[in-house]
1. If region 323-462 were replaced by its equivalent ellipsoid, with semi-axes equal to the square roots of 5 times the Cα gyration tensor eigenvalues, what would those be, largest first, whole Å?
2. For the chain, report the % of Cα-Cα distances exceeding 34 Å.
3. Within region 320-374, list the GluC sites (Glu not before Pro) lying in a DSSP loop whose Cβ has at most 10 other Cβ atoms in a 10 Å radius.
4. What is the dipole size for region 311-432, taken about its Cα centre, with +1 at each Lys and Arg Cβ and -1 at each Asp and Glu Cβ, in debye to the nearest 20?
5. Per 10 Å bin from zero, what fraction in whole % of the C-alpha pairs of region 267-385 is there, up to the bin with the longest pair?
6. Using a cut-off of 22 Å between alpha-carbon atoms, which lysines can reach Lys16, once sequence neighbours fewer than 8 places away in the same chain are excluded?
7. Lysines within cross-link reach of Lys424: Cα-Cα under 28 Å, excluding same-chain residues under 8 positions apart?
8. Return the aspartates and glutamates within reach of Lys422: Cα separation strictly under 13 angstrom, same-chain partners fewer than 8 residues apart disregarded; answer none if there are no such residues.
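Rule-based calculations on the coordinates, nothing more; no lab input. Model, not experiment: these values are computed from the prediction. Here the Cβ positions follow ideal geometry from the backbone for every residue, glycine too, while neighbour counts run over all protein chains shown.
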Amino acid sequence: MFKKETYIARREQLRKDIGHGIIILPGNHEAPCNYPDNTYWFRQDSTFLYFFGLQREDLVGVLDCDTGRDYIFANDYDIDDVIWTGPLPSVADLAASVGVGHSGTLKELQDFCTKAIKEGRRVSYLPPYRADITQQLSTLLGIRYESIVPFASHQLVLACVKQRSIKSAEEIAEIEKAIATAYNMHTQAMKHAFPGRYEYELAAIMQGEAWRGNGPLSFPIIMTIHGETLHNHNHNNQLVEGRMVVMDAGCETPMNYCSDITRSVPVGGHFNDRQRDIYQIVLNANLEAIRVSRPGITYKEVHTAASRILAQGYMDLGILRGNLDDIVANGAHALLMPHGLGHMMGLDVHDMENYGQINVGYDDETRPSEQFGLGSLRCGRRLQPGFVITDEPGCYFIPALIDKWHAEGTCRDFINFDELEKWKDFGGIRIEDDILITDDGCRVLGKPIPKTIEEIEATMNS
Ligand code: GLY
Ligand code: MN
Ligand code: MN
C-alpha cells in the first residue's frame, strides 16, 4: 500500500469532480472456481485499489460528496473464519489504515443506500464487469439487474479515467518493479528456447519467475511458435529450429501494478536471414514509436508513424508495392499487423478497460477509426506526461487472412500476393515495451530487456 495520504488525496479529488451525491465503489468478492471454497486467485478491483488500496474481499467503499465523508462497509470476520484464516484486522482498522474515518456492516450499507435513494440523492457507480457485483448493486439500489450497466455514471467513468491516466512517481516506481520481474521472466525463458523444449516448459519458467518476484501474472502467458495467432494461449508445441517464439508476458506487483512485455526469439538462438529481415523491420517500428512519442502527439499518429516504418520494410522485401502514403492511408500494411500499437497500462494490464475502451483511449477530439487494423488501436488520444502506454508493433503472416484478402482482392494494388505466398509459413513477431510519456518525450520503463538481434542472440547463448 502507498501511504494513506495518497488515497485520501485521490478520493478528495474524485468527490470534487463528481460534486454531489454518493459514489459507491465495490471491491471484488472471491470467485469460486469449481466449488465455493475453491476459489480463483483473488484479484481486487483496480478502481477499489486506486482509491482505497485494500486487498480484502467483500469490501464496499462509499464516498459522500455532500458531507466529505468516506466509508468502508463489510462484515467483520468472526472466530469461525479466523480458525481458517488466522487473525485479521477489523473493518474499522482497515478503513483507518487508508484514512477512511467511517465504517459499517453490510446491513448498514443497505440502510445507507436505501436512505440515500429515499432522499433523492444522486448515486454514482461504475459499470460492473462481474455478475456478482452487478447483483450486489441491484440489491443495494433497488434497480433491476439488467438496468445496472446502462444506469452507470458516465461522469464517474470520465473522472476515474482523468485521475488514473496520469501515473505518479510512486506508481511509476511500482510499474518498474513489475518490469524488473518481467526482465527475469523473459531472459530466463530466452535461455531455454532451444529445439526439443516445449512451450509449456518456457511458460512455466516465466510463471515461476513471476512468483519469485512475489506477484501473479498480469494476464495468461502467450508463449508460442505460432505467434501469428495474436493471443495464443496454447502451450503444447515442441520448439523446432526455424520458428520464432513469441513471448508476451508480464506480472503484477503485490500492489497489482503491471508489466506487459513481448520479446520474440529464434528457436536455437540464431536468427536466420528471413527472421532477421522481419525482426529488424518490427524493431525499427518499435524504435520509431519511442522516437516520436511525446506530449501533444496523438497515439494514433504514433501508430501511423510506426506503420510507415513497417510498410517501407515490406516494400523493401517486395511484399508491398506502390506509394508509401497510399499504402498506409489504405491500411494495406494492416494485413500483417491487424492490431493497434498499444494501450494504457497501470493497475490493469489493459488499464481501465472495464470503463469502456472508448472512454479511456479516445476523447471528443480523437475518435476511433473504422479501418481494419487501426480500428483495433485501444488508445488513440493525445499523449500527456504521466501516461504509461505499451509500444507493441508486430508482423504476423496469418494464412487464413492472407487467403481472404487475396480472394477478395483487398488492397490488391499494394500487395504482391505471389511474394506473400512464400511467407505464409513464417509465423509472427511482436516486440513490446512499456513507455512513460515525460515532459519532453518518452522513456522506456525498467531495466532494458534484450531487444536487438545481437542482444537476444548473446542472451540466448550465454
Ligand atoms: N498482453 C496482451 C497485450 O500485449 O496487449
Ligand atoms: Mn503484451
Ligand atoms: Mn500489451
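1. Working: eigenvalues 166, 109, 34 Å².
Listed largest to smallest, the semi-axes of region 323-462 are 29, 23, 13 Å.
2. Values: 42353 of 106491 pairs.
Within the chain, distances greater than 34 Å cover 40 percent of Cα pairs.
3. Numbers: sites: Glu353, Glu365, Glu370; in loops: Glu365, Glu370.
Here the sparse-neighbourhood loop sites are Glu365, Glu370.
4. On the way: 10 positive and 20 negative charges, 12 e Å.
For this selection, approximately 60 debye.
5. Histogram of Cα-Cα distances, whole percents per bin: 13, 40, 32, 13, 1.
6. Partners found: Lys3, Lys4, Lys162, Lys167.
7. Lys191, Lys404, Lys451
8. Filter leaves Asp403.
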